[in-house]
Every structure is written in C-alpha cells, then in structure tokens.
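These notes are about the structure you will find just below.
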C-alpha cells in the first residue's frame, strides 16, 4: 500500500498536478488514501529523500521548487549516464521483445499527433528509458538513471504547454526511431547517439523555457 501511495503522489509531483512550492497536508493525504498518518509520513519522508519535497517543521510538506540551474547541472550528469546506458545496452543482445516494445511505443506516438495528452507522451518517454535500462541488466545504473530523470522531467512538463505540440511528439518519435535503428544495425554507436538525443532535448527545452 505504501509503495502504491508513494508512486501516486510522486506522479502528481512530476506531472505538476502538485505545483512546485505548494504545501501538501499530511492529514488530508492520509484521509484521501485511507491510511493513518504514520505510513503517510513514511511516504513523505521517502519523497524528501528523493528531493521532491521538503518537510518543514510546523509548516508542512513543501513540493520542491523547480530550480533551472540545478536542473541544467543534472542534465550534464544525465549526458554521461545516458551514454553509459546506451553503451551497456549495445553490449547486451537485446531480446526481440524489446524491439517489439519500442515499435509499439512508436505507434503510440503517432496517435498523439492529433491528441494533445502530456501524460501519455511523458509515459512513452519514460518507457523508452525503462526498456534501455532493462537491456543493460544493471540495476544500479537503472536506479541512478531513473532518479536523474525524475529531477529533470518537471521542466519538460512545463515546456510541453509552450510552442508546437507536434514538435514534442516528433522529438520523442525520432528518439525511439533512431534508438531502435541503432540497436538493430549499429549497436556500437548507441552510446553516442543517446547522448546526442539528450543534447537535442535539452536545447529544445532551453529554447522554449527561456523563450529564445
């Protein structure tokens, strides 16, 4: 139960349903999920360890603010991690089921060109990374990769409302297409490709967020 509540609240934070800087009421959350305040406090403490909230004595639980420079610093680390993920994934023979999974995600992208749904697009993007993390067969790398992703995804969520929606869908589709092609035909280039795709993602976010 606690893990389920943790995931639900975490998703609300990452999707900006809980706005940065807003206060979460421990008692109201406990009542919503039908649990006592003790397990709810454990969930919030776990989110604090993730640096997604701050527990402020006598005030409440504050959803972490989005700090642009900190996120840019995190992206720098992600570049190395994404390249390592691609390199390790390329060293392992990807099972056919992973190719099929990525191909299904491509089809889901096509559906979103005419359907503006941020949650679905973000879910597809996360799934791509999950597939690659699974191929690496390295749980430590997977944990680090997912944690860094969580610390940058809220900035992307903000810019999804800015500018051309189709550009965002196309960027995710390109990410999957080129990754799938490299996995099949040029696995040795996958590490550099994953870094290159992330750089493109960062530049697009900076352009839209800063209005450049």
Looking only at segment 62-76, decide whether some residue is in contact with a strand residue (DSSP E or B) (Cβ under 7 Å, 6 or more places away or on another chain), more than 30 Å from residue 199 (Cβ to Cβ) and buried (at least 18 other Cβ atoms within 10 Å of the Cβ). no
Residue 109: passes all of (1) over 26 Å from residue 52 (Cβ atoms); (2) buried (at least 17 other Cβ atoms within 10 Å of the Cβ); (3) more than 17 Å from the chain's Cα centre (by Cα) but (3)
- Query: Do we have any residue at all in segment 93-106 that's without any contact (Cβ under 8 Å) to a residue 60 or more places away in the chain and part of a loop (DSSP other than H, G, I, E, B)?
  - Reply: yes
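Go through 152, 87 for me and flag whichever is surrounded by 14 or more Cβ atoms within 10 Å (Cβ to Cβ) and over 17 Å from the mean Cα position of the chain (by Cα).
Working: 152 fails: over 17 Å from the mean Cα position of the chain (by Cα).
Checking each option against the conditions leaves just 87.
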Just a yes or no: is a residue in segment 91-101 assigned by TED's automatic domain parsing to the domain that holds residue 193, buried (at least 17 other Cβ atoms within 10 Å of the Cβ) and closer than 24 Å to residue 157 by Cβ?
yes
If you go through 61, 35, the only one that is at negative phi and in a strand (DSSP E or B) is 61
Here the residues within segment 119-177 that are assigned to a helix (DSSP H, G or I), closer than 22 Å to residue 67 by Cβ and touching a residue at least 60 places away in the same chain (Cβ under 8 Å) are 122, 144, 145, 147, 148, 149, 150, 153, 154, 155, 157, 158
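Kindly indicate whether any position in segment 116-128 is within 19 Å of residue 170 (Cα to Cα), over 16 Å from the mean Cα position of the chain (by Cα) and loosely packed, with under 15 Cβ neighbours inside 10 Å.
yes
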Of (1) closer than 30 Å to residue 186 by Cβ; (2) outside any helix (DSSP H, G or I); (3) touching a residue at least 24 places away in the same chain (Cβ under 8 Å), residue 86 satisfies every one except (2)
Checked segment 1-32 for anything on the phi > 0 side of the Ramachandran plot and surrounded by 15 or more Cβ atoms within 10 Å (Cβ to Cβ); matches are 16
In the set 53, 35, the lone residue that is more than 16 Å from the chain's Cα centre (by Cα), buried (at least 19 other Cβ atoms within 10 Å of the Cβ) and not assigned by TED's automatic domain parsing to the domain that holds residue 135 is 53
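The values are calculated or read from the model by the stated rules, or taken from the named source; none is laboratory data. Keep in mind that what you see is a predicted model, and the values were worked out from it rather than measured. Cβ coordinates were reconstructed from backbone atoms using ideal geometry, including for glycine residues, and neighbour counts include every protein chain displayed.
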